[in-house]
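Notes for the one structure printed next.
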Amino acid sequence: MKIFKLVFKNAFRHKLRSFLTILGIAIAVIAFGVLRTVVTAWYVGVEATAANRLVTRQAVSFIFPLPYTYRDKIQQVPGVSQVTFASWFQGVYIDKNQFFARFACDAETMFDVYPEFLLSKKELETFKREQNSCVVGEDIAKQYKLKVGDVMPIEGDIYPGRWEFVIRGIYKPRDKTTDATQMLFHWNYVNERIKKETPERAGDVGWYIVKIKDPSKSGLISKQIDDLFKNSNAETKTESERAFAQSFLASTSAIITAMNILSFVIIGIILLVLGNTMIMSARERTREYAVMKTIGFSGSHLIGLIMGESLVISIIGGALGLTLTFPLIQGLEKVIPKGFFPVFEIEPITIILASIAALSIGVLSSLSPIQRALKMKIVEGFRFVG
Amino acid sequence: MPPIIQVKNISKSYTRDSFAIPVLNDITLDIEEGEFFCLMGPSGSGKTTLLNLIAGIDKPTKGNIFIKDTDITLLNESSLAKWRASNIGFVFQFYNLIPVLTAYENIELPLMLTHLSKAEKKQHVEAALNVVGLTDRMFHYPKQLSGGQEQRVAIARAIVTDPLILVADEPTGDLDKNSAAEILILLDRLNKEFKKTILMVTHDPHAAEKASKIRHLDKGDLI
Ligand SMILES: Nc1ncnc2c1ncn2[C@@H]1O[C@H](COP(=O)(O)OP(=O)(O)OP(=O)(O)O)[C@@H](O)[C@H]1O
Ligand SMILES: [Mg+2]
């Protein structure tokens, strides 16, 4: 017999109690995994940003447009290698619940500035050539079973009327964090129609994306761009793409912080649950520990016995939780609209954190019973009536 | 040959609420090798306390205890644990078997502290099982055994390491008459056949009949 056998037998002495504790740990790990996945999904927009891209937007608010004429001026700023732009188109595809990003962009430069959107050369050329064409992300194509040549009708709201775009390309994400849920079409095409229907709105651009040569100069270049338009009636605010993405999260950051804290609170609660189980078990075994000490078992044997038992429970619970987290996240990914969380996956760091949490819970829960068992005098142990 | 156990001027008191309660007063006692020594006395007279001191699971307030040539009152906790593992076999009134282990595994428990090979451990356990006559019950759990059988498993666990001295605190105290008689016969056999020195505490005059020597404690004094 090995001490491990005794550890195992001890861990399952009270089958129901151990089962409930394991279940508790598993549920905590699942909750932890899901919460953290949501948090990382939220931040994925920030993670996907590139250091060599700046975003120039209207100084007062992102919702106000900028003149198209700014493009050439920005292009002149030293250190700028390329300028592209986009407008938030929105509109309704099928019905209001089908949420994903739809942009009018500069077809000529968009895919140069966003190299993480992988599009074949042929598709890119067709897209550039045909004014009423569009490109969609792979995830969107999958979700709506779309292929090249299909027509996507959009009911406009910001840009009223019915719009039809022919899919001429499906882009693939380069990185895990790349958003493959966007729909991109020609700003020119939209603008031509606006010129006829509401000429006063023609020539407006949502924001500029500025590719720079040296990311370390981003502060300086941003300032130079903004200085160009000081005291005009459309002042700009230029910042790194990362800062831009973060400003989007600012309004929801309290929720994210709460979720973040909650994920660790859950771990704390489950620590108390296992801690309680271990204290109960160890109390009941006071006499047995006294017997083992009498026979000659040392402190380190008792530490191994008690911590081992605690770890057996926490490891099984943790493993069970992690095993169940994967299908659960996959299921959630299916029911959450694609465009809402473009990337919804368990991060390796989440798995590592959950495993560390389970192990630490195992170790920490055993500390108090260990201390008690070590301190206990043998004769006191025999006199103990639990 | 000098006595195997020499208790010299032992006093023991417990402190409770900062009062010192004397339990043993200046006890001096010799036990010869191979003796079946029986300690009797009324409840609370200090029998268990004295037995625990000799077995090295408690420390006296004053005095020395020599077992063979070792003064065990001078050993620190971890050396005392090692000393117990190789010198003392314990039998308790309430058996104190580990409920999740089979009879076989309970008996094997003390051998986990030795460096014996798997085969040697098996030999030892089977020999001990054979002595107590429970070979056919070795895969039973304690709760599947009668009180007498549990105590026999406990005795097998006590002798499996072949200790110098066997200490038994009221080993028949929780048993019916027949089971008690069996346990006493077994202890007697261990004493006569296997030459174990036995120190037994008991209330029971029948139990004491097997002893080669009987001493009485009264309110902490040996009389
Ligand atoms: N750990 C302890 N702390 C305080 N008092 C103790 C402790 N152990 C024993 N005593 C006291 O010491 C006295 C002797 O106890 P001991 O257990 O040695 O008696 P005993 O002769 O074995 O009695 P019994 O026949 O009832 O087992 C008792 O009054 C008991 O209450
Ligand atoms: Mg007693």
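The values are calculated or read from the model by the stated rules, or taken from the named source; none is laboratory data. Treat the numbers as computed from the prediction; the structure is a model and nothing was measured. FYI the Cβ positions are ideal-geometry reconstructions off the backbone, even for glycines, and counts take in every protein chain you see. Just the protein is used for accessible areas: all its heavy atoms, side chains included, with ligands, DNA and RNA removed. Shrake-Rupley method; radii C 1.70, N 1.55, O 1.52, S 1.80 Å.
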Any chance you could count how many residues in the stretch B:157-210 are over 21 Å from B:ILE107 (Cα atoms) and either modelled with pLDDT of 90 or more or surrounded by fewer than 22 Cβ atoms within 10 Å (Cβ to Cβ) (or both)? 15
Sort out for me the strands (runs of 3 or more DSSP E) sitting completely within the stretch A:125-243 that have 2 or more residues that are not assigned by TED's automatic domain parsing to the domain that holds A:ILE74. A:236-240
Could you check the stretch B:149-192 and list, in sequence order, the residues that are closer than 23 Å to B:TYR104 by Cα, without any contact (Cβ under 8 Å) to a residue 40 or more places away in the chain and assigned to a loop (DSSP other than H, G, I, E, B)? B:ASP162, B:THR172, B:LEU175
Looking at this structure, is A:SER310 among the polar types (S, T, N, Q) and either open to solvent by less than 30 Å² (accessible area, probe 1.4 Å) or in contact with a strand residue (DSSP E or B) (Cβ under 6 Å, 6 or more places away or on another chain) (or both)? yes
Among the residues of the stretch B:72-103, what is the count of those that are within 16 Å of ligand 2 (Cβ to nearest atom) and assigned to a strand (DSSP E or B)? 2
Positions within the stretch A:119-146 being touching a residue at least 40 places away in the same chain (Cβ under 8 Å), among the hydrophobic types (A, V, I, L, M, F, W, C) and out of contact with any Cys (no Cβ under 8 Å at 6 or more places or on another chain), in sequence order: A:LEU119, A:LEU124, A:CYS134, A:VAL135, A:VAL136, A:ILE140
In the stretch A:280-297, anything open to solvent by 40 Å² or more (accessible area, probe 1.4 Å) and within 8 Å of chain B (Cβ to nearest Cβ) is listed as A:ARG287
Pairs please, first residue from the stretch A:372-386 and within 11 Å of chain B (Cβ to nearest Cβ), second anywhere and near ligand 1 (Cβ under 10 Å from one of its atoms) and part of a helix (DSSP H, G or I), Cβ atoms under 6 Å, 6+ apart in sequence or on different chains. A:VAL379/B:ASN52
Please specify each residue of the stretch B:50-69 satisfying the condition of being near ligand 1 (Cβ under 10 Å from one of its atoms) and over 15 Å from B:THR202 (Cβ atoms). B:ASN52, B:LEU53, B:ASP58
State yes or no: is B:ILE72 touching a Gly at 6+ places or on another chain (Cβ under 7 Å), more than 8 Å from ligand 1 (Cβ to nearest atom) and within 14 Å of chain A (Cβ to nearest Cβ)? yes
So, in the stretch A:338-386, how many residues would count as being part of a helix (DSSP H, G or I), among the small types (Gly, Ala, Ser) and surrounded by fewer than 19 Cβ atoms within 10 Å (Cβ to Cβ)? 3
Scanning the stretch B:65-121 for residues that are open to solvent by less than 20 Å² (accessible area, probe 1.4 Å) and of a type in the set (S, T, N, Q) gives B:ASN96, B:THR102, B:ASN106
Which of (1) farther than 24 Å from A:TRP42 by Cβ; (2) at pLDDT below 90 does A:THR257 not meet, given it meets every other one? (1)
Restricting attention to helices (runs of 4 or more DSSP H) lying wholly within the stretch A:1-98, give those where 3 or more residues are closer than 30 Å to A:LEU311 by Cβ. A:3-11, A:15-47
Working carefully through the options B:ARG157, B:ARG137, B:ARG152, find the one that is under 14 Å from the mean Cα position of the chain (by Cα) and under 26 Å from A:PHE12 (Cβ atoms). B:ARG157
List the residue pairs whose Cβ atoms are under 9 Å apart, where the first residue sits in the stretch B:56-67 and is of a type in the set (Lys, Arg), the second is part of a strand (DSSP E or B) and surrounded by 22 or more Cβ atoms within 10 Å (Cβ to Cβ), and the two are 6 or more positions apart or on different chains. B:LYS59/B:LYS12; B:LYS62/B:ILE10; B:LYS62/B:LYS12
Can A:ILE261 be described as part of a helix (DSSP H, G or I), within 21 Å of A:ASN132 (Cα to Cα), among the β-branched types (Val, Ile, Thr) and without any contact (Cβ under 8 Å) to a residue 40 or more places away in the chain? no
Just a yes or no: is a residue in the stretch B:112-134 within 17 Å of A:TYR289 (Cα to Cα) and acidic (Asp, Glu)? no
